[in-house]
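Accompanying notes for the structure given below.
Computed from the coordinates by the stated procedures, all read-outs in this text should not be read as laboratory data. Given the structure is predicted, the values throughout are model-derived calculations rather than measurements. For neighbour counting, all protein chains shown are included, and Cβ atoms are generated from backbone atoms with ideal geometry for every residue, glycine included.
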Amino acid sequence: MQLFTTLDSPYGRKIRVVLAEKNLPFELVEDAPWSRQSRIPGLNPLGKVPVLVTDDDEAFFDSPVVAGYLETLPSAPPLLPASGVERVRVRQSEALADGILDAGVAIFLEGIRPAEQQIQANITRQLAKINSALDSLEKRLQGRQWLNGDSLQLGDLATANAIAFVALRVPRLEWKKDRPALTAYAEGLLARPSFETTKPPER
Ligand SMILES: N[C@@H](CCC(=O)N[C@@H](CS)C(=O)NCC(=O)O)C(=O)O
């Protein structure tokens with residue numbers, strides 16, 4: 001199978017981390033959706049990465065869907081409970097993490113516009129979302145090693161991935177401040193080989 005992404009995409013990194021944790025073989029195809037010769041619009045009508053193309057040539061897009069597809073492959077460890085509300089809870093953790101990413105990306109994109117075009121109120125609103133999400137994670141992690149259940153799952157990987165993104169691209173956030181449980185949890189996860197080997201290139 002092939003994973004189409006850029007090396008900078010945090011959504012693509014989430015999938016690369018899952019592939020690494022599951023030790024699944026794949027071909028990484030670097031493809032920037034905004035380039036003229038990009039193959040992404042032919043694979044995903046929304047023109048976004050990541051896109052996963054299976055060995056049967058089926059394209060799956062949107063990182064939660066791709067992560068769900070990977071879970072159907074014979075591989076260990078499982079990163080989602082097989083069914084039931086426990087599975088929904090892990091997907092809820094993933095959604096919270098992806099929401100942090102969405103807000104972080106919005107702040108980053110606002111920040112690269114010319115200063116006079118930046119909308120400060122939007123940055124403030126997105127920062128508040130991230131801070132509120134990080135506070136809820138700090139609360140959740142009191143006395144817990146993982147967000148859901150008693151083993152590493154997709155929600156944990158998505159959360160560490162989102163924190164890595166905001167730590168790098170939204171440094172004004174001070175994500176560690178007053179969040180000791182979240183700090184220890186995220187630093188532990190980010191030291192895993194799956195994160196070490198998928199760092200975005202330095203620019
Ligand atoms: N919800 C999507 C978000 C994917 C996304 O926004 N990808 C960005 C790169 S980080 C992209 O391809 N943007 C191109 C565009 O919006 O035209 C997911 O989880 O996969």
Practice item. Tell me which residues, restricted to the range 185-200, are surrounded by 12 or more Cβ atoms within 10 Å (Cβ to Cβ) and either over 13 Å from the mean Cα position of the chain (by Cα) or of a type in the set (A, V, I, L, M) (or both). Key: 185, 186, 187, 188, 189, 190, 192
Revision key, fill the gap. Restricted to the range 1-25 and to residues being closer than 13 Å to residue 165 by Cα and within 8 Å of the ligand (Cβ to nearest atom), the residue surrounded by the fewest Cβ atoms within 10 Å (Cβ to Cβ) is 8
Review point. Which ranges mark the helices (runs of 4 or more DSSP H) fully within the range 121-203 that have 3 or more residues being under 21 Å from residue 95 (Cβ atoms)?
Key: 154-169, 180-190
Exercise for review: Scan the range 39-57 residue by residue and report those that are without any contact (Cβ under 8 Å) to a residue 12 or more places away in the chain and within 11 Å of the ligand (Cβ to nearest atom).
Suggested key: 41
Review point. Can you name the condition, by its number, that residue 33 falls short on among (1) crowded, with 16+ Cβ neighbours inside 10 Å; (2) more than 12 Å from the ligand (Cβ to nearest atom)?
Key: (2)
